[in-house]
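Read-outs: derived from the displayed coordinates by stated rules, not from any lab. As the structure is a computational prediction, the values presented were derived from the model and not from experiment. Because the Cβ atoms are built from the backbone with ideal geometry, glycine has one as well, and the counts that use them run over all protein chains shown.
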Amino acid sequence: MEAELKQEVEEPKKPRLFGMIANPSEQFERIKQQPKIWVPLLLVSLLFTVGMIITALSMDPAYLGIEDLSPAEQDMVYMFSLITTGIMGIISPIFTVLISSAIYLLICKIASSDVSFKQLFSMNTYILVISVIGLILNGVIRMIIGGNPELNVTSLAAVLNTEATSVWASIEVFSIWQTILVGLGLHKVAGLSKGVAYGIAIAFFIISLVFALVGSTVV
């Protein structure tokens, strides 16, 4: 009888990586309860690598400055580019998530949040899938229509037909989408108020625009 009266404890559902597209709020709730790192980080890194390779394959020799080289020499440059982008595809997501998680943890602790580094690391890993989708989409489009591979077709710079180094290149659909998710994630996972959470996300987005503006003036 006692066994029949025992209540079954339902195991928390695992967050889904591509659930960030349709239902990010639910995924953040799951991340808070059951943060996952290694499998989603591996998948994001693999997809990021695919995106980087697609971008490298979409490059025209004119943008690499190798149009005057022989076909054999161009093949060597392409091969080197593929190897380099493949390595960067594996390393970049790890460092991006690691650094952003450390910064958010410091801010959250100042804001008296009890969020853990593991929760923030998991949150940023899942959010990064949006950037990966943007990278792959822009790479595929560039392979089809051509153009400057350094300029995302989903950016305002592409609409205004400006340089890839302009500040308008940083105002891009997927970067804005990711900024919104950072705000939502800090609210749901770290327990910050909506005002503070979205304020932090927007502040970092503005900082990226400032860096882009400085970079464009230097170039």
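Note on segment 35-116: Rg/Rh from Cα positions, Kirkwood definition for Rh, rounded to two decimals, is 1.22.
Using the beta-carbon distance between ALA72 and GLU163 and R0 = 35 Å, what value does 1/(1 + (r/R0)^6) give for FRET efficiency, to the nearest 0.05?
Details: r = 32 Å, r/R0 = 0.92.
Approximately 0.65, to the nearest 0.05.
Calculated mean residue ellipticity at 222 nm for the chain: -23500 deg cm²/dmol, from DSSP H runs with n ≥ 4 weighted as -39500 (n - 2.57), summed, divided by the residue count and rounded to 500. Remark on segment 83-128: ratio of C-alpha radius of gyration to 2.2 N^0.38 Å is 1.33. With respect to the chain, whose longest principal axis is taken over its alpha-carbon atoms, helix 24-33 is tilted by about 60°. Put simply, the chain fits an ellipsoid with semi-axes of 38, 22, 14 Å; these come from the alpha carbon gyration tensor as the roots of five times its eigenvalues, largest first. Annotation for segment 15-118: GluC sites (Glu not before Pro) lying in DSSP loop with at most 12 further Cβ atoms inside 10 Å of their Cβ are GLU67. How far is helix 117-145 tilted off the main Cα axis of the chain, in degrees rounded to 10, range 0 to 90? The helix 117-145 is inclined about 30 degrees to the chain.
Run the numbers on the chain and let me know its relative contact order in percent, using alpha-carbon pairs under 8 Å that are six or more apart. Kindly include the intermediate steps, with their values, before the conclusion.
Values: 273 pairs, mean separation 49.8, N = 219.
Once normalised by length, the contact order is 23 percent.
Taking a ≥ b ≥ c as the square roots of the Cα gyration tensor eigenvalues, with a/c under 1.5 meaning rounded and otherwise prolate when a/b beats b/c, else oblate, which class fits segment 126-219? Judged from the Cα gyration tensor, segment 126-219 comes out oblate (a/c at least 1.5, b/c at or above a/b). Within the straight-line cut-off of under 22 Å between alpha carbons, the lysines reachable from LYS14 are LYS32, LYS36, LYS118, LYS188, sequence neighbours fewer than 8 places apart in one chain being disregarded.
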